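Just so it is clear, none of the values below were taken in a lab; they were calculated from the coordinates. Note that the coordinates shown come from a computational prediction; the quantities given were computed from them, not determined experimentally. Positions of Cβ are backbone-derived with ideal geometry, glycine not excepted, and every protein chain shown enters the neighbour counts.
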Amino acid sequence: MAAPALWQPQEQGLREICTLLEAHISPNSDQARIWQQLQHYSQFPDFNNYLVFLLARGEGKSIEVRQAAGLLLKNNLRTTFSSMPPPSQQYIKSELLPCIGATNRAIRSTVGTVISVLFQIVRVAGWIDLFQALHKCLDSNDLDHMEGAMDAIYKICEDVPEELDVDVPGLSERPINVFMPRILQFFQSPHSSLRKLALGCINQYIVVMPSALYMSMDQYLQGLFNLAKDPSADVRKLVCSAWVQLIEVRPSILEPHLQNVTELILEANKDSDDEVALEACEFWSAYCDVSMPPEGLREFLPRLIPVYVFLDLKPRFHASRLHGSETGEDDDDDDAVNVWNLRKCSAAGLDVLSNVFGDSILPTLMPLIEQNLARTDDDSWKERETAVLCLGAIAEGCIAGLYPHLPQIVAFLIPLLDDKFPLIRSITCWTLSRYSKFIVQNLDHPNGREQFDKILMGLLRRILDTNKRVQEAACSAFATLEEEAAEELVPHLEVILQHLMCAYGKYQRRNLRILYDALGTLADAVGAELNQAKYLDIFMPPLITKWQQLQNSDKDLFPLLECFTSIAQIDPTAAGALYDREFIVCSLDLLSGLAEGLGAGIESLVCPIHLHPRLQEFLTVAAKQLSPQSVKDAVSVANNACWAIGELAIKIGKEIEPVVITVVSCLVPILKSPEGLNKSLIENSAITLGRLSWVCPDIMAPHMDHFMQAWCSALCVIRDDFEKEDAFHGLCAMVAANPSGAVGSLAYICQACASWAEIKSEGLHNEVCQILNGYKQVKLASLLSFAVALCDDEINKLMVGIGFGVAAWKRWVGAVHGHPRTSSCAKISSIRCMRGDGDCEAKLL
């Protein structure tokens, strides 16, 4: 496939690298030392030549060593291939191609991975030989060669599918146009590996939909139907994945075949392989999410709903986790809890169905729930647990139909909080939380308060459960109840805090985060009621002790600081200096809470006098956080930096001058291209720009034409408050410093002024009037069209604000243009008449 290579390795170098790679894959070796040695070898120009030689020609070496060489080569190519000498580049390419059909599958797979990475760098045009080699392998009828080529193509399709759908000089067809017919033929291959790879390749193109696939759609769909009951579970899973992707992004393609697809998905839901059933389960939620006509699914509901209930009964974890550890000593395994599984998918699907079809699913579902709840023996605990899960899943969508029966449903659920099976206890916590709003609304009904008290105490007991999964579910459920109950919790504060602090002493890392959230939510819910010595003495000492125990680099500080943020609003306690980006965000949130709690008292802690020795250093660092890349990487940090610069500008005045231009050059792009940016960042950018203009109008005024229009547009949507007043002080100061520079943006300035509901500051009111009155005699062609575009409310505000009525406005506009009775003036009048505001002028005058 390629000309013989000229480069040859030296035996000693080859032995040294092999020895190093053998040590690298050994579990007992010093990995740090080996990695350092590998980095040393990577400095040699032909190191990657040795690696590809070992991968391609390392007969006699272990497969593991050859794979290690290939994977190290892959990582090196990402960063070094473009700077390699051309002979080395060509050597690596030429050595990889003969290995596409290597007899060992592990080597073929590693070669496919390296080829995919290299292809991303050079593309088709930079490696025509690859395209020709893959095509030859596909037509070889040799299983190793066909499988190796399909593996490489699949990985390319997975990484950069669009790159095979481009015109390439020297090729008569786009690569995908050549590959597509051959790949579709593999749907009928007797080898499951080829059927799987072929399906995987084409599925990657459903979203981008090249013409090659669109023109072959009938053949593709027929292939999916034929493979729906393939003996390979991997193939059946990919068929279901294809249906899901098609319904999500190309529903019109599936619509004519929906009846048949639905039947196949119902069968796949009952597949013996859980991964196939999980993929099939995704179809129903996708169907509802793309707003397909519900009627197309309604006839299947009597068959679909029992399938969901059956899926909820499928095993949750391995046997060792099925009942949970009653001692609570199981490890904190986030992955075991957070993994998306068949059970969670089916519950989510039932939730979606209930929101689409509402109470109409109850006649089918409720008998199944009642049947499972009626089974009280220990062997049927999974059926009872599934029934409780279903009740939680439909809590939102079927609330109208369930409402008359909710007192009885809640009464039935309360005893299950103390069930002997941990999964029943945990799912009961979650289901009760789904009905929290009803539970609180029902307080004034007969037995409502009694039920509330039982649920409250039941959840508190479960917070102290011996099983960690139950602890987690109870904490989360209690936080949800807190949000709804608010002041209703006040009479129970002492017992709540006692339970939470008892849990605080026994929880491990994962559940501590959830406990912090529950405590912070409690502070938000009851507010100042928590600010009593008898309550503070219960929970503050343990929290402060924990804070002092944690290192500044410990990310367990995050949830603790978030908890402090809520508590600080009723009782400020502590703050710290942290330097990791995420720590900065959390710490600034805490400082915000402290400021709200202390009010003016915070001045003694953060007065700029404490910053003066390093003020310019701080301003420079803060300004750097506003660069486009910094905004992209950490918008919260950029937002806080922007706010801090504006606050300091007001405090330090002219001392901010050295960074003004730098800051403005970063703020202007934010205001000019606000799409997709954080709303708070846009508002803070507008306010900070105004504060800088207020403090340094002479620096800002010459540049106003670059940002005035975008700035005024941003000011229009900011709520009326003291920060907006600061920004308008800056607007007025800048316009006063350069009146002619603002002429081209007068329409935007007027609209910004009209955005005020009321300017309460007399000083600012006078400044705005002075600016607007200053333009009364300016002859602006653009002003007339702007006047027509303004709504009545905006014109009213402007005219009243600067002291003349609509008639005067019309006379002014007419005079500006030299013809008082222009058709445009008549248009303004006619617009007012249509709106029913014909007497507005009299009211204003």
Self-check item: Val122-Ser82 pseudo-label distance in nm [points 7 Å out on the Cα-to-Cβ vector]
Solution: 1.6 nm
Quiz item: For the range 643-712, what class follows from the C-alpha gyration tensor (a ≥ b ≥ c being the square roots of its eigenvalues): rounded when a/c is under 1.5, otherwise prolate if a/b is larger than b/c, else oblate?
Solution: oblate
Quiz prompt | Which listed pairs, of Lys468/Lys555; Lys624/Lys760; Lys632/Lys654; Lys420/Lys555; Lys420/Lys534; Lys534/Lys555, have C-alpha distances above 27 Å, in listed order | solution = Lys624/Lys760; Lys632/Lys654; Lys420/Lys555; Lys420/Lys534; Lys534/Lys555
Exercise. For each of Arg236, Arg250, count neighbouring Cβ atoms within 10 Å of the residue's Cβ, then give the residues from fewest to most.
Key: Arg250, Arg236
Quiz item: Points 7 angstrom from Cα along the Cβ direction at Asp556 and Phe412: gap in nanometres?
Solution: 4.2 nm
Practice problem: Take each of the peptides 385-391, 626-632, average the number of other beta-carbon atoms within 10 Å over its residues, and list them starting from the highest. | Solution: 385-391, 626-632
Practice problem: With a Förster radius of 22 Å, plug the Cβ-Cβ distance of Lys506 and Lys420 into 1/(1 + (r/R0)^6) and report the FRET value to the nearest 0.05. | Solution: 0.60
Exercise. Compute the label zone of Ile253 within the range 229-245: residues whose backbone N is under 13 Å from the point 7 Å along Cα-to-Cβ.
Key: 241-245
Quiz item: How many nm separate the modelled label positions at Asp444 and Glu758, each set 7 Å beyond the Cα in the direction of the Cβ?
Solution: 3.3 nm
Quiz prompt | Likely footprinting exposure, Ser94, Ser172, fewest C-beta neighbours within 10 Å first | solution = Ser172, Ser94
Quiz prompt | Local net charge near Asp453, Cβ-Cβ under 13 Å (Lys/Arg +1, Asp/Glu -1) | solution = +1
Quiz item: Expressed in nm to one decimal, what extension gain is obtained for the pair Val635 and Ile25 from 0.36 nm per residue of sequence separation less their Cα-Cα distance?
Solution: 215.6 nm
Practice problem: For the range 68-154, state the semi-axes of the equivalent ellipsoid (square roots of 5 times the eigenvalues of the alpha-carbon gyration tensor), sorted largest first and rounded to whole angstrom. | Solution: 21, 14, 10
Quiz item: Going 7 Å from the Cα of Val490 toward and past its Cβ, which residues in the range 509-531 have a backbone nitrogen under 17 Å from where you end up?
Solution: 522-531
Quiz item: For the range 85-129 and the range 178-255, what is the separation of their Cα centres, given in Å?
Solution: 26 Å
Practice problem: Give me the distance between the Cα centres of the range 674-734 and the range 344-389, rounded to whole Å. | Solution: 55 Å
Quiz item: Sorted by mean Cβ packing within 10 Å, highest first, what order do the peptides 637-643, 658-664 take?
Solution: 637-643, 658-664
Practice problem: Report the net charge of residues surrounding Ser116, where surrounding means a beta-carbon distance below 13 angstrom and charges are Lys +1, Arg +1, Asp -1, Glu -1. | Solution: +1
Self-check item: Fewest-first ranking of Asp167, Asp419, Asp465, Asp359, using other Cβ atoms within 10 Å as the exposure measure
Solution: Asp167, Asp359, Asp419, Asp465
Quiz item: Taking the range 121-201, which GluC sites (Glu not before Pro) meet the DSSP loop condition and have no more than 13 other C-beta atoms within 10 Å?
Solution: Glu173
Quiz item: So how do 54-60, 400-406 stack up, highest first, on mean other-Cβ count within 10 Å?
Solution: 54-60, 400-406
Exercise. Could you tally the net charge around Pro294, taking each other residue with its Cβ under 15 Å from the Cβ of Pro294, Lys/Arg +1 and Asp/Glu -1?
Key: -4
Practice problem: With a ≥ b ≥ c taken as the square roots of the eigenvalues of the C-alpha gyration tensor of the range 454-546, please select rounded if a/c is under 1.5 and otherwise prolate if a/b is larger than b/c or oblate if it is not? | Solution: oblate
